[in-house]
Amino acid sequence: MAKQVKKKELGKGIRALLANVEVESPEKQMETVKELTHTVAMIPLEQIEVNPFQPRKEFDPDALEELARSLRTHGLIQPITVRRLAENQYQLISGERRLRASRIAGLTEVPAYIRLANDQEMIEMALVENIQRQDLNAIEVAITYQRLLDECDLTHEALSERVGKQRSTVTNFLRLLKLPPDIQKALKENVISMGHARALINIDDISLQLMLFKEVVKKGLSVRATEALVRRYKNPQAKSSDTGSDLPSDYKNVRDNLRSYLGTKVDLKRNANGSGQIRIPFSDDNELNRILDLIEKGA
């Protein structure tokens, strides 16, 4: 598991490693790279600049805002990766979407892996070695796979060869990083298993995904029961009563925004004459109070 480093410890820990790396032997430098590879440092956002060669230029504002809302509650679970440029100055390597959402969320610092210049071969060796550890949870494995793709320019095929796993296995781990932070956190803390997560990831609607996740945790459902629950919601017959597909796009946006904000499957129906109704389901009094608090906060 990655070792958490407090900001005040940076001077005597990571900073000391970085200061000495230029004059170290290749063997000692490899040890330093391994240490940095598995260590997460908290870095102030003001010290991180974006990479000017970042190929991705467009980011969905709604998706960023949705991620920012989650970050305000849970913080950043998947660290970004940066390269050290100088004292208290870093350049982003991967994780610009997470970095942007962190700024929107008002975070002042984020967890980050620090890379050295020209250390790609060593970083790959260290990451592949890390995968062989037995104490990594599914999210940590997924994050390491993603780092190998992002930082070492590996294809999925090359990655599966490097780590000695079937490509489908690698893909299943990587898909876990598309889950909402709430579910990733539960998986990381063994509240649910990878089997539960793989079932939930088949739901495209994030609000419905979260609603089913809460039901799984509350009822202590097994993996098979979770798979059956997901199948019921994905059954076309179950969807036939949902007239949401007939909604104009503006009304669909309203419905989807409500689902995202309230974290539950909101239904919005509109008749030809302009009348309609909004239905907000809840599982118990606690869920009702949570929804009411959100509505009052947004009023």
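What follows draws every value from the coordinates through simple rules; no lab data is involved. Keep in mind it's a predicted model, so treat the numbers as computed, not measured. So basically every Cβ, Gly included, is an ideal-geometry build from the backbone, and we count neighbours across all protein chains shown.
Among residues other than Gln184 with Cβ under 14 Å from its Cβ, the summed charge is +3 (Lys and Arg +1, Asp and Glu -1).
For the range 141-299, rounded, prolate or oblate, judged on the Cα gyration tensor with a ≥ b ≥ c (square roots of eigenvalues), a/c < 1.5 rounded, else prolate if a/b > b/c? It is prolate, given that a/c is not under 1.5 and a/b is the larger ratio. Which value, in nm² and rounded to one decimal, describes the direction-averaged projected area of the C-alpha convex hull of the range 242-298? Averaging across all directions leaves 4.2 nm² for the Cα convex hull.
Which of the residue pairs Lys185/Lys269; Lys165/Lys218; Lys188/Lys265; Lys219/Lys252; Lys234/Lys297 have a Cα-Cα distance greater than 29 Å in the structure shown? From Lys185/Lys269; Lys165/Lys218; Lys188/Lys265; Lys219/Lys252; Lys234/Lys297, over 29 Å: Lys185/Lys269; Lys165/Lys218; Lys219/Lys252; Lys234/Lys297.
Based on C-alpha pairs under 8 angstrom that are at least 6 apart in sequence, the range 149-299 has a relative contact order of 15 percent. Once the gyration tensor of the Cα atoms in the range 190-234 is diagonalised, the equivalent ellipsoid follows with semi-axes of 14, 11, 10 Å, ordered largest first.
For the range 242-298, the dipole from Cβ point charges (+1 on Lys and Arg, -1 on Asp and Glu) about the Cα centre works out to 200 debye, to the nearest 20.
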